[in-house]
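Have a look at the structure below before the remarks.
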Amino acid sequence: MKEAVSVSEGRAVVASYLRLPKREAIEFWNDDRITHIRALATTGKPQFVWDPCKEGSRRVLDRVKFRAELEDRGDQVDATEPGDGFDVSVEIGYGRIWMAAPLYLGDMSFGALSGVPNVALARAADETYTLCGIGEGGVHPDVGRCRRIFVQWASARFGLDLGALRLGMGTVIKIGQGAKPGIGGHLPGTKVVEVISRTRRIPVGVDAISPAPHHDIYSIEDLEQRIWALKEATGKPVFVKVAATNYVPYVAAGVARMGADGIIIDGHGAGTGAAPWVVRDNVGIPIELAVSSVDRMLRREGMREGFTVIAAGRVSSAEDTAKLMALGADCVSIATAALIAMGCVMVHKCHLGFCPAVLTNRIEDDPRKVLSLETATRWVVNLIKGWSAELKLILERIGVNSVRELVGRRDLLVADGVSEDSRRAMGLEGRGLD
Amino acid sequence: MAGEPPIVSMGSTAPPSVDEPRFILDRIVSDGAQVTRPSIDPYREPVETHLYLFAGSVRLSMPVAVGGLAELTFKEAAEVVKACYRMGVLVDLHGLREIPVEAVRRGTHVLAPHDAVNSGEFNAVQMTVRSPGALNEVAGALPFERKSVVARVPPLEDSEFYRSVCAAGFNGIIVDEEIGHRDAVELEIATSACDRALKVPGPDGLPLRNRVNLMASSERIRSSADAFKLIGLGAEVVVFTRSWKVAVDYGPGMEESLLAERLEYFLTGVQRELKLLAGAAGVSSLWSSLTGSRELFRSIELERPVRLKLGVKSAGEW
């Protein structure tokens, strides 16, 4: 596919996908996954019921399957529209927010992304009645005009004031992220240009490294004070975002007990705009091994009802969504998939500011190439539509009418070639390795 | 930038979830502290990496040592020894034919071969114990009065062997994966086995581990993350024998000053990465809070018998 661009005011406006580069290194977001996401984003139509990309993958979640699929073998439904009567809408945060699909467009900041993608995500969330987390970088003015955003309150408090906090439908206290649990946000100085400096209220050209902990949250009691302060200040639901780590069930129980409306759990392997290599590759556990224990812990403590669990990290398809919900999540967060829908080709160079797909490039006063806002928005809207349709096809296959009824239905899943330890962590039956 | 931990972006492609896991270490992940206990900001708050060996007689700046010097020329070895002095790290001279005694100035922490005990000011010497059967013979020849003596042993699982080494009077053990033995196991298992074996009380009622230092050495220790995990499994010092040569792009005829400069940058970077991992896990001192702290780690899809030997919980277990 040749890069089709139109030229406006001397600028190339990018409205088509780059050809996928040849890849030597192994990649989770491989060509098959990118091709599938692009097909959803360009057509808005379902591509398949059962995700074929999971074959050969080493991820534990890819070895977890719906029983219905195993019974279905050889009977892959072609990409037809789903039947009526399958509901993928959810209510989150004690029923205060209705979402047309259990998809939260996850927490990517203005600065990490170069502006147009931020606006496209927020507009797509408005258009599809989903949600968009805006990340730590303060509020881009055009994002601030969108309704269905979650404003993030992270350890550096970049660009936040009461007005900004009140803009969204809710607030997210960011404690951790899956790509670098225990480490703060990082925007390299080369990307801190004038407009980012103004939005974040930091000097131009200086690395924006957020503190690893919140310096006013050193305990679960401190967290409670912040949750209620934000609730009183905004009158809106407060979510807490954490990384999937060793003690995540305790963390989730604490977060729920302290009055938060939900938790976003970000698993190992999730994307990032910049992180120390050693931390990204060695810290944290996969979301599939975290979400199930969190769900069971919350049930055991009698705090699951109305409390929202959002699962994030390598959510690559409707099937991943369905499986994570069956493991105990109410909703999933998609971010890398949304970037791919907007043209990301996974060159892993966001921190340098030379994104070939103009998503995470350094913002320039007179750019030669910009992303088409209209097209990018349409791609994300289509992605959500296609994704929802695939989710409905899965519901049809597993005999569940609504995703709300799917939450915690571990009995629908089977682990195939997963160690006994991991099976126990997920609460699944199946064939093991041990 | 030289000496800085590299920054990357987007999702990990590391083993075991994406790339193929080659070693047990590839199936072990570290913790991130959050909410119930805070992480430490490694860019702004102190994270201590120093430690003491041999009853406080040696202070190292970090739990990483440089070894694998056998293939180096005399001049190259001298530069490595000086670089390690400047960085405050231990240098393991095992296998070196000619010791650059001149380079070993006061305050340099070296593990010298035992037969060089009288030729210079060495903190500690080492003797190779190739098998449990060879222990008595080796121990009989120990230059005990003068020095701390470390036993270089093959990676075995045998608890009794490690206890016998302690009983023979050694002050430290280096589990060295390059020493072959028919009962050899992976370094991860041997390190953990040694650490656990020595936690039993000795003749004075205190754990043997209190007076014996444990080090792990292997060509396959690739990174600060590998070192961090081995420390979590019980090692106090992890010896890099090959990775530092990759980092400095070592080759025959390399300019010695460049070798030293790059080695210092490499060690600086390793120290910073150790601080990142420690800070993320909420650890403010590697020596006091990480050594043998298996609870800070989880395994992913590691065979259960191996996991139980290591004493590490499985991811999702709490």
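Scan the range B:70-86 and tell me whether some residue there is among the aliphatic types (A, V, I, L, M) and on the phi > 0 side of the Ramachandran plot.
No: zero hits.
Among the numbered criteria (1) at pLDDT below 95; (2) within 27 Å of residue B:305 (Cβ to Cβ), which one does residue B:108 miss?
All conditions pass for residue B:108, except number (2).
Given the criteria outside any loop (DSSP other than H, G, I, E, B) and either within 14 Å of another protein chain (Cβ to nearest Cβ) or surrounded by fewer than 21 Cβ atoms within 10 Å (Cβ to Cβ) (or both), does residue A:362 qualify?
no
Restrict the check to the range B:128-145 and report whether at least one residue is of a type in the set (S, T, N, Q) and under 23 Å from residue B:83 (Cα atoms).
Taking every residue of the range B:128-145 in turn, none turns out to be of a type in the set (S, T, N, Q) and under 23 Å from residue B:83 (Cα atoms).
Could you identify the single residue in A:125, A:101 that is assigned to a loop (DSSP other than H, G, I, E, B), more than 18 Å from residue B:9 (Cβ to Cβ) and under 14 Å from the mean Cα position of the chain (by Cα)?
A:101
With the range B:114-219 as the region, which helices (runs of 4 or more DSSP H) entirely inside it contain at least 1 residues that are closer than 20 Å to residue B:235 by Cα?
B:159-167, B:187-197
I'm trying to understand the selection: among the residues of the range B:35-79, which are acidic (Asp, Glu) and more than 13 Å from every other protein chain (Cβ to nearest Cβ)?
Those that are acidic (Asp, Glu) and more than 13 Å from every other protein chain (Cβ to nearest Cβ): B:48, B:71, B:76, B:79.
Can you tell me which residue in the range A:366-388 is farthest from residue A:131 (Cα to Cα), limited to those that are surrounded by fewer than 24 Cβ atoms within 10 Å (Cβ to Cβ) and either among the hydrophobic types (A, V, I, L, M, F, W, C) or in contact with an Asp or Glu (Cβ under 8 Å, 6 or more places away or on another chain) (or both)?
Among residues in the range A:366-388 that are surrounded by fewer than 24 Cβ atoms within 10 Å (Cβ to Cβ) and either among the hydrophobic types (A, V, I, L, M, F, W, C) or in contact with an Asp or Glu (Cβ under 8 Å, 6 or more places away or on another chain) (or both), the one farthest from residue A:131 (Cα to Cα) is A:370.
Starting from residues that are facing chain B (nearest Cβ under 9 Å) and under 17 Å from residue A:307 (Cα atoms), keep the ones in the range A:241-251 and report whichever is surrounded by the most Cβ atoms within 10 Å (Cβ to Cβ).
This residue is A:248.
Can you tell me which residue within the range A:128-147, out of those that are buried (at least 21 other Cβ atoms within 10 Å of the Cβ) and more than 15 Å from the chain's Cα centre (by Cα), is farthest from residue A:212 (Cα to Cα)?
A:128
Restricting the search to the range B:264-296, which residues are within 8 Å of chain A (Cβ to nearest Cβ) and either under 17 Å from residue A:421 (Cα atoms) or not small (Gly, Ala, Ser) (or both)?
Scanning the range B:264-296 gives B:273, B:276, B:277, B:295, B:296.
Go through the range A:223-240 and report how many residues are facing another protein chain (nearest Cβ under 9 Å) and part of a helix (DSSP H, G or I).
Here the count works out to 1.
Answer yes or no as to whether residue B:31 is surrounded by 17 or more Cβ atoms within 10 Å (Cβ to Cβ) and either hydrophobic (A, V, I, L, M, F, W, C) or farther than 19 Å from residue B:244 by Cβ (or both).
Yes, satisfied.
Name the residue that is nearest to the other protein chains (Cβ to nearest Cβ), counting only residues in the range B:12-34 that are within 19 Å of the chain's Cα centre (by Cα) and of a type in the set (A, V, I, L, M, F, W, C).
B:29
List every residue pair whose Cβ atoms sit under 6 Å apart, with the two residues 6 or more apart in sequence or on different chains, where the first one lies in the range A:277-288 and is more than 7 Å from every other protein chain (Cβ to nearest Cβ) and the second, anywhere, is surrounded by 24 or more Cβ atoms within 10 Å (Cβ to Cβ) and not hydroxyl-bearing (Ser, Thr, Tyr).
Going by the 6 Å Cβ cut-off, the qualifying pairs are A:287/A:244; A:287/A:267; A:287/A:311; A:287/A:313; A:288/A:60; A:288/A:61.
Residue check: is residue A:256 away from every other protein chain (no Cβ under 13 Å), touching a residue at least 12 places away in the same chain (Cβ under 8 Å) and among the hydrophobic types (A, V, I, L, M, F, W, C)?
no
Against the definition (within 14 Å of chain B (Cβ to nearest Cβ), closer than 23 Å to residue A:45 by Cβ, buried (at least 22 other Cβ atoms within 10 Å of the Cβ) and in contact (Cβ under 8 Å) with a residue 24 or more places away in the chain), how does residue A:342 come out, yes or no?
So residue A:342 passes the test.
Would a scan of the range A:140-155 turn up a residue that is assigned to a helix (DSSP H, G or I), within 14 Å of chain B (Cβ to nearest Cβ) and at pLDDT 95 or above?
no
Just for the range A:400-434: of the residues that are assigned to a loop (DSSP other than H, G, I, E, B) and hydrophobic (A, V, I, L, M, F, W, C), which one is farthest from the other protein chains (Cβ to nearest Cβ)?
So the residue we want is A:400.
Might you check whether a residue that is surrounded by fewer than 24 Cβ atoms within 10 Å (Cβ to Cβ) and either out of contact with any Lys or Arg (no Cβ under 7 Å at 6 or more places or on another chain) or more than 10 Å from every other protein chain (Cβ to nearest Cβ) (or both) occurs anywhere in the range A:263-272?
Scanning the range A:263-272, I find no residue that is surrounded by fewer than 24 Cβ atoms within 10 Å (Cβ to Cβ) and either out of contact with any Lys or Arg (no Cβ under 7 Å at 6 or more places or on another chain) or more than 10 Å from every other protein chain (Cβ to nearest Cβ) (or both), so the answer is no.
Only one of A:328, A:353 is touching a Ser or Thr at 6+ places or on another chain (Cβ under 6 Å), within 12 Å of chain B (Cβ to nearest Cβ) and surrounded by fewer than 22 Cβ atoms within 10 Å (Cβ to Cβ). Can you tell me which?
Answer to the selection: A:353.
Looking only at the range A:164-178, filter to residues that are of a type in the set (Gly, Ala, Ser) and buried (at least 22 other Cβ atoms within 10 Å of the Cβ); which one of those is nearest to the other protein chains (Cβ to nearest Cβ)?
A:176
Against the conditions (1) more than 9 Å from chain B (Cβ to nearest Cβ); (2) over 27 Å from residue A:126 (Cα atoms); (3) within 20 Å of the chain's Cα centre (by Cα), where does residue A:181 fall short? Just the number, please.
Only one criterion is unmet by residue A:181, namely (1).
So, residue A:337, is that one buried (at least 24 other Cβ atoms within 10 Å of the Cβ), within 16 Å of residue A:38 (Cα to Cα) and within 13 Å of another protein chain (Cβ to nearest Cβ) or not?
Answer is yes for this residue.
Please count how many residues of the range B:215-225 are more than 9 Å from chain A (Cβ to nearest Cβ) and buried (at least 24 other Cβ atoms within 10 Å of the Cβ).
Total satisfying the criteria: 5.
Which residues, counting only those in the range B:33-72, are polar (S, T, N, Q) and touching a residue at least 60 places away in the same chain (Cβ under 8 Å)?
Hits for the range B:33-72 are B:39, B:49, B:57, B:61.
Checking residue A:195 against (1) within 11 Å of another protein chain (Cβ to nearest Cβ); (2) surrounded by fewer than 19 Cβ atoms within 10 Å (Cβ to Cβ), which single condition isn't satisfied?
With respect to (1) within 11 Å of another protein chain (Cβ to nearest Cβ); (2) surrounded by fewer than 19 Cβ atoms within 10 Å (Cβ to Cβ), residue A:195 is out only on (1).
Residue by residue, here is whether (1) of a type in the set (Lys, Arg); (2) touching a Ser or Thr at 6+ places or on another chain (Cβ under 8 Å); (3) assigned to a helix (DSSP H, G or I); (4) within 30 Å of residue A:162 (Cβ to Cβ) holds:
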residue: A:249; (1), (2), (3), (4): no, yes, yes, no
residue: A:292; (1), (2), (3), (4): no, no, yes, no
residue: A:298; (1), (2), (3), (4): no, no, yes, no
residue: A:302; (1), (2), (3), (4): no, no, no, no
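The values are calculated or read from the model by the stated rules, or taken from the named source; none is laboratory data. Bear in mind the structure is a predicted one, so any value in this text is a computation, not a measurement. When we count neighbours, we look across all protein chains shown, and the Cβ atoms used for this are built from the backbone with ideal geometry, even at glycine.
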